[in-house]
Amino acid sequence: MMSIRRLALQATMGFALAGLAHSTASAQIVTATWNPAGSSPVLSIPQAPLNLSPQVTFNQITVSDFATVYLTPTGTPGTFALSESGFLPIQSYQLNGSTIQAPGLNNNAGATPYGIYGQFTATIPNFVCSSAGNCSGQYNNISFTLVGNPGDNATFGFSAATGLPTVVTGATFNLATGSLASCGAPGPLCQNLGALQASVPNSAVTTTFVPNPSEGGFFVNPPVTVNLNLFGSFTNSVTQFSCYSNTPNDPVCGSFQAGTLPIGVPAGVTEMFQIGRNTTGQVIGGGGSINLVAPIPEPASLILLGASLLGLGVLARRRRNRKA
């Protein structure tokens, strides 16, 4: 009877510890160090007269946003299928709230110029509007690539035929990739929500972040072997986007309707938002911020932790019995 009680106690302790780990776990922003001089091919090298190292340590990134959102009715009133694609060029790095003038980035002095941008596609199968211009839904698919651009010669815009974002650039190479990350219980740094609020688009998304294994010289810390999550938050001002529809005074577009749909949009699309192009046609870029985040352990992993602790307790019990 005593051994059964002890075994039950060990099991309870094991799963209690796992539960404690789950209750106290929260996503943590990671401070990272990247070295554009260590990438392959090399993104940037020190340049006279300043000859500054392009290596940068940061815990937040500011990006511009050039993206297009298509809305296609699903057949259910007020519900759309949303598809989005775009580019997110890095504008600056921050460390604890202070902006860093990273040598070489976007032609900053001290090193040869380079650029880095994200390229992404995303979908929301059920984008539900509760009222005119107020809609939301959960992403079910995101694909993300972090691209290095030696020379910083990328130019972003929008196709006149399809409305989709475009990039014209020289040589590029992939630094990292990512896909939709599971948040478990959503938190401030783990969300996958797209929305319109009074016809203004915004989103909060979480992807995995998997460094290219051959880029160990670029990813100084955490090293290339460490997989992280990437959390992006995008809240647009009323001057950073436009909406297009063939329906006059479309309630989804609201006051941001800038014209009719381009002739090359896919069949069935009824509204198109361009983020980074305002209602007067100026391509100015939207905005957002990105953090690298240490992932929260999944509940299944925590159950395994509890089982492991239980196993250790059983093993210790057996060893005591042998000694006795």
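The values are calculated or read from the model by the stated rules, or taken from the named source; none is laboratory data. No experiment lies behind these values; they were computed from the predicted model shown. Positions of Cβ are backbone-derived with ideal geometry, glycine not excepted, and every protein chain shown enters the neighbour counts. Keep in mind that these areas ignore ligands, DNA and RNA; they rest on the heavy atoms of the full protein, side chains included. Shrake-Rupley method; radii C 1.70, N 1.55, O 1.52, S 1.80 Å.
Tabulated data for the structure shown
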read-out	value
Mean Cβ count within 10 Å, highest first, over the residues of peptides 146-152, 63-69, 104-110, 266-272	63-69, 146-152, 104-110, 266-272
Accessible carbon and sulfur surface of the stretch 126-192 relative to its total accessible area, %, 1.4 Å	54 percent
Cα gyration tensor, the stretch 123-199 - rounded (a/c under 1.5), prolate or oblate	oblate
Cα-based shape type of the stretch 153-270, given that a ≥ b ≥ c are square roots of the gyration tensor eigenvalues and the cut on a/c is 1.5	oblate
Value in Å of the Kirkwood radius, where the stretch 77-124 supplies the Cα pairs that are averaged	13.4 Å
Whole-Å distance, taken between Cα centres, linking the stretch 42-72 and the stretch 227-269	26 Å
Separation of alpha-carbon centers, the stretch 82-147 and the stretch 153-178, rounded to whole Å	13 Å
Amide H within-cut-off set for Leu164, under 5 Å, with H built and near neighbours excluded	Ser159
Surface accessible to a 1.4 Å probe, per residue, for the residues of the stretch 65-168, Å²	39 Å²
Percentage relative contact order, the stretch 194-237, counting C-alpha pairs under 8 Å, at least six apart	46 percent
Anisotropy class of the stretch 21-116 from Cα gyration tensor, a/c 1.5 cut	oblate
